[in-house]
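The values are calculated or read from the model by the stated rules, or taken from the named source; none is laboratory data. Here the structure is a predicted model, which means the values were calculated and not measured. Here the Cβ is made from the backbone with ideal geometry for all residues, glycine too, and neighbour counts use every protein chain on show.
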Amino acid sequence: MTATGTHATSAAGEAAVRAVPDTLALAFQASVARVPDRVALRTLGGDERLTWAEYGAAVERAAGAFAGLGVRRGDRVALWSHNRPQLAIAAVAAAHLGAAVVAPYVAAPADAVARLLCDSDPRVLAVESRLEHRLQSVEHAVPRVVALDSAEGRLPALGEVDAPARFSFEARWRSVQAGDPLAILYSSGTTGVPKGIEWANRNALLVGDSLLGARHLPDAICEVSYLPFAHVFDRSLHWRASLRATTLTFCAAPSDLHEALLDARPTFLGGPPRTWQGLKATLEASCDKSEQAALDAGIARVRALLAGSPPPELSAEQERTLAELRARLGLDRINHALTGAAPCPLAVHEFMHGLGLPFGEFWGMTEIGVITMTDPGVRDIGTVGRPLPGCKVRIASGPGPAGEVLARTGTASRGYRNRPKETAAMFGADGWIRTGDLGRLDEQGRLDLAGRLKELIITSDGHNTAPAPIESELVGASPLIAQACLVGDGAPYLAALITLHSPERAADPAIRQAVADTVARINARLDPRERIERHEILPDRWQPGDELTDLLKLRRQRIAAKYAAQITSLCARMT
């Protein structure tokens, strides 16, 4: 790939990145030595808790067990489990042997798990006991299977495996190199079969540390592991935990996040917009009139700042009320909050800043880590910020005012496992990475994303529309709407398929009118060529593995095939 045709470049990423150890094992052992008595891992309520010293001892035992199962430097180890301390221990133990960890999504269909295991070729699969009943369709893909937690089922437990004779834990972890594989993370599969993305030790640590952006947060970071371990964001928290000696509280399911926040009182929280939309809805449902008035005042202040107007001051009582509302969500200790992975609606930004949270947005990819991040405050809202130290961004010429975002970073992955052509297509020989995202750079060097290149909808008049930002605004504008998928490729106008949080109410006239009113409000803010002319409310609940990926992203090809008749009807020219 060449840089011809580019028309804008951000030079904000010239500063050097923060130094990190060469391997996760080095980082982990330094944390054990520095804060042995600090809590490292805990479950809700503190029923299970390990200090860093205890964590270190558990990792040494698990590393010996994996070595006893034949795991060597350069191998793969698969872990299939809900979020729990044993998962973290096993992952770090594998890293101390120089092995890469592969983690299927817990909710993934059996055939998807089997494909992942065949592609990654792990020497061992360690599985949570309560998932043993799902092994019949996948265990043929690995030579050894053990229970991650106990031997209550038919499998031998990892903890019962002896280390080899004359096994030297220290010699093994000190032999691991910066370029040795640490993890294989699989893409979401929105446009086809998920691809394995290989991460080396040092670059993985740099990605974990990049979640701090340019901030220097106080020591003793506390956070919640609630997203699937297979996801790059949760894995990055684990990488950063080894580096920064953080305290991780485990939440087995994202639906339990609010309970986990109240229990853990984290200092950092990140997640996709859906996470923040859920917290917003939870708080709004609990507010009385005076609390809502304080929230409205905070949001009005944010809007004034965005408009460049003098912001109204909050009263001391309003400040106290907002502090109480933050505590009600378990966010009263937060000093850094982030969203990413999908377009974040403006209403969510206004709400979180109005609540008084230090809320920001970042842009990155599983293949390259975090590239840009907004600065503290509200001035970058509407963008995903500027390149982080060590990163550069430029825009290639493309359809309309936006072009493909090209990135340059020293912290990228090694590419796609077993896919040299796809790796070469994305990672250019000149160092520029073709991200497939569409965007533009403003006069301040901030990146404004417009969607995915492969997702562009081209209507019959030739206009290109990126659907994701519109879909995000539509979902964010109504508590009724669960998902929205724009359609209309080759049609005279755009239409939308909409699902509800309560699909059984799809035929309710009041619900249908409320959705129509929401569509009309969104349309009023859009370019006339990008308005939703027709929509259909489906009586279905879209599920991961079918219409959605495991991360709840739209699988557009699957949706287009499943609802071909509805799309044809919606996009027939209106008379």
Original post:
Is there a residue in region 532-544 that is touching a His at 6+ places or on another chain (Cβ under 9 Å) and among the aliphatic types (A, V, I, L, M)?
Top reply: no
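Condition check ((1) farther than 23 Å from PRO273 by Cα; (2) of a type in the set (Phe, Trp, Tyr); (3) surrounded by fewer than 19 Cβ atoms within 10 Å (Cβ to Cβ)) across all residues:
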{"position": "ASP517", "(1), (2), (3)": "no, no, yes"}
{"position": "ARG521", "(1), (2), (3)": "no, no, yes"}
{"position": "ARG529", "(1), (2), (3)": "yes, no, yes"}
{"position": "GLU536", "(1), (2), (3)": "yes, no, yes"}
{"position": "ARG555", "(1), (2), (3)": "no, no, no"}
{"position": "ILE567", "(1), (2), (3)": "yes, no, no"}
**OP:** Answer yes if at least one residue in region 174-187 is more than 31 Å from the chain's Cα centre (by Cα), of a type in the set (Gly, Ala, Ser), surrounded by fewer than 18 Cβ atoms within 10 Å (Cβ to Cβ) and more than 29 Å from VAL106 (Cα to Cα), and no otherwise.
**Re:** yes
**OP:** Provide a single number: the residues in region 429-439 that are farther than 15 Å from THR411 by Cα and outside any strand (DSSP E or B).
**Re:** 2
Subject >> Answer residue from region 518-564, given it is of a type in the set (Ser, Thr, Tyr) and more than 24 Å from GLY490 (Cα to Cα) and is modelled with the highest pLDDT among those >> reply: THR518
Original post:
Within region 475-533, how many residues turn out to be closer than 19 Å to GLY462 by Cα, part of a helix (DSSP H, G or I) and free of Cβ contacts under 8 Å to residues at least 24 places away in the same chain?
Top reply: 1
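Would you check which residues across region 534-550 are assigned to a loop (DSSP other than H, G, I, E, B) and within 21 Å of SER569 (Cα to Cα) and list them?
Across region 534-550, the qualifying residues are LEU538, PRO539, ASP540, ARG541, TRP542, GLU547.
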**OP:** May I ask you to say which residue of ARG235, ARG244, ARG215, ARG240 is modelled with pLDDT under 90 and either under 24 Å from TRP52 (Cβ atoms) or surrounded by fewer than 22 Cβ atoms within 10 Å (Cβ to Cβ) (or both)?
**Re:** ARG215
**OP:** Kindly indicate whether ARG42 is touching a residue at least 24 places away in the same chain (Cβ under 8 Å), buried (at least 19 other Cβ atoms within 10 Å of the Cβ), farther than 18 Å from ALA245 by Cα and touching a Ser or Thr at 6+ places or on another chain (Cβ under 6 Å).
**Re:** no
Original post:
Yes or no: PRO164 in a loop (DSSP other than H, G, I, E, B) and either under 23 Å from the mean Cα position of the chain (by Cα) or without any contact (Cβ under 8 Å) to a residue 60 or more places away in the chain (or both)?
Top reply: no
**OP:** Please work out which residue is modelled with the lowest pLDDT, limiting yourself to region 473-484 and to residues that are in contact with a Leu (Cβ under 8 Å, 6 or more places away or on another chain) and surrounded by fewer than 22 Cβ atoms within 10 Å (Cβ to Cβ).
**Re:** GLU473
Subject >> Residue in region 302-319 that is farthest from ALA347 (Cα to Cα), counting only those that are over 32 Å from the mean Cα position of the chain (by Cα) and of a type in the set (D, E, K, R) >> reply: GLU317
Subject >> Test result for LEU69, in contact with a Lys or Arg (Cβ under 6 Å, 6 or more places away or on another chain), closer than 23 Å to ARG134 by Cβ, modelled with pLDDT of 95 or more and not acidic (Asp, Glu) >> reply: yes
**OP:** Could you tell me whether any residue of region 358-369 is hydroxyl-bearing (Ser, Thr, Tyr), surrounded by fewer than 23 Cβ atoms within 10 Å (Cβ to Cβ) and either part of a strand (DSSP E or B) or more than 21 Å from the chain's Cα centre (by Cα) (or both)?
**Re:** no
**OP:** Report whether or not ALA63 is surrounded by fewer than 16 Cβ atoms within 10 Å (Cβ to Cβ) and aliphatic (A, V, I, L, M).
**Re:** no
**OP:** Starting from residues that are in contact with a strand residue (DSSP E or B) (Cβ under 6 Å, 6 or more places away or on another chain) and of a type in the set (A, V, I, L, M), keep the ones in region 335-355 and report whichever is farthest from VAL370 (Cα to Cα).
**Re:** MET352
**OP:** Of the numbered conditions (1) buried (at least 21 other Cβ atoms within 10 Å of the Cβ); (2) modelled with pLDDT under 95, LEU346 fails exactly one; give the number of that condition.
**Re:** (1)
**OP:** Check LEU486, LEU447, LEU453, LEU438 and return the single one that is touching a Gly at 6+ places or on another chain (Cβ under 6 Å) and within 22 Å of ALA561 (Cα to Cα).
**Re:** LEU453
Original post:
Among (1) under 27 Å from LEU227 (Cα atoms); (2) surrounded by fewer than 21 Cβ atoms within 10 Å (Cβ to Cβ), which single condition is LEU306 missing?
Top reply: (1)
Subject >> Of all residues in region 370-401 being closer than 28 Å to ARG529 by Cα and in contact with a helix residue (DSSP H, G or I) (Cβ under 9 Å, 6 or more places away or on another chain), the one that is modelled with the lowest pLDDT >> reply: PRO399
Original post:
Of everything in region 107-123 that's crowded, with 16+ Cβ neighbours inside 10 Å and in contact with an Asp or Glu (Cβ under 8 Å, 6 or more places away or on another chain), which residue is farthest from ASP75 (Cα to Cα)?
Top reply: ALA108
